[in-house]
1. Carbon and sulfur atoms: what percent of the 1.4 Å accessible area of segment 77-150 do they account for?
2. Please list 3J(HN,Hα) in residue order for segment 144-157, calculated via the Karplus relation 6.51 cos²θ - 1.76 cosθ + 1.60 where θ = phi - 60°; whole Hz, with x for glycine and proline.
3. What spacing in nm lies between the two simple spin-label points modelled at PHE50 and ALA100, each 7 Å away from Cα in the Cβ direction?
4. On a C-alpha basis, how far is the centre of segment 130-184 from the centre of segment 48-114 in Å? Whole number, if you could?
5. In degrees from 0 to 90, rounded to the nearest 10, what is the angle of the helix 243-263 Cα long axis to the longest principal axis of the chain?
6. So how do 48-61, 163-176 stack up, highest first, on mean other-Cβ count within 10 Å?
7. For ASP119 paired with ASN182, estimate the spin-label separation in nm (one decimal), with each label point 7 Å from Cα along the Cα-to-Cβ line.
8. Give me the Kirkwood hydrodynamic radius of the chain in Å, from all C-alpha pairs, to one decimal place?
Amino acid sequence: MKIGKITNQYVREFLAETLGTFALVIFGDGAVAQVVLGNAARGNSFFGGFLNISFGYGLALMIGICISGGVSGGHLNPAVTLAMAAVKNLKWIKVPIYMAGQYLGAFLAALVLWGEYADAIKIVELGQDPANSGSYTSATHVIFASYPFFGTNQVTTLSLVMDQMLGTAMLLIIIVAVTDKNNMNIQSSLVPFTIGLGLTAIHLSFGLNAGCGINPARDFSPRVLTILAGWEEPFKAADSWFWIPWLLPHVGGVLGAGLYKVMVGMHTKDGE
């Protein structure tokens, strides 16, 4: 059966964002899964720690951008898409198309990852509670979505809100700066690596409070998968904090992209 070439630009961009986000989440959450499940199953730190996750997600973003960047720009994040539209780097009509692909890609990646590590998840859950008859608990839900490191009785909602806004703002500053031809004029072949390294830096600096979600699709879609699969209270944990990594990155992203434009982008040689 011959498959014809897709010529509709919107469809091509939707498919690119879907596959790119799939790669981001399958490798990124895959790094989380290997650390969480591997260490719990072995009873030691053979599979590393947060450093592995930080580099794992940076490399995952690099791969995702390489897959989709030539077609859609490789946003892979609704907060990035909204910010790009806000600073006139993307047509507003494309925003829902990009976002739909991102949420779909993240969900499919979480679904595949669940199947990949189903046995390991069961082993860890039984290790936590031998009487567990098959239900999923908080011991493994961190594989798929971010949760506050501290209890909500120790960290205020304002701190968590600022955490997600700051992390996403820094991500957008990095992205807009790296792709600004009037600034450092970084070669296109180095853009995915540079942005991925930027994400690693954000993880290494701002992962403590809330796990460094800063991507609504990467957090929300896998969270939906966890509730469908039977995990305990993914939307009620930490005083129903899920809305913070889902909504606040959009605000932080727009602020970060706008800040770069006002403080740097408008003042470069060809920025007027």
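The values are calculated or read from the model by the stated rules, or taken from the named source; none is laboratory data. Since we're looking at a predicted model, the values are computed, not measured. A quick note on method: Cβ atoms are made from the backbone with ideal geometry, for glycine too, and the neighbour counts reach across all protein chains shown. Please note that ligands, DNA and RNA were not included when accessible areas were found on the heavy atoms of the full protein model with its side chains. Shrake-Rupley method; radii C 1.70, N 1.55, O 1.52, S 1.80 Å.
1. Roughly 64 percent of what the probe reaches on segment 77-150 is carbon or sulfur.
2. Ordered by residue, 3J(HN,Hα) equals 9, 9, 8, 9, x, 6, 8, x, 5, 7, 10, 10, 6, 4 Hz.
3. The modelled label-to-label distance comes out at 3.8 nm.
4. Their Cα centres are 15 Å away from one another.
5. Roughly 30 degrees, rounded to the nearest 10.
6. Packing proxy ranking, top to bottom: 163-176, 48-61.
7. 5.7 nm
8. Result for the chain, one decimal place: 19.1 Å.
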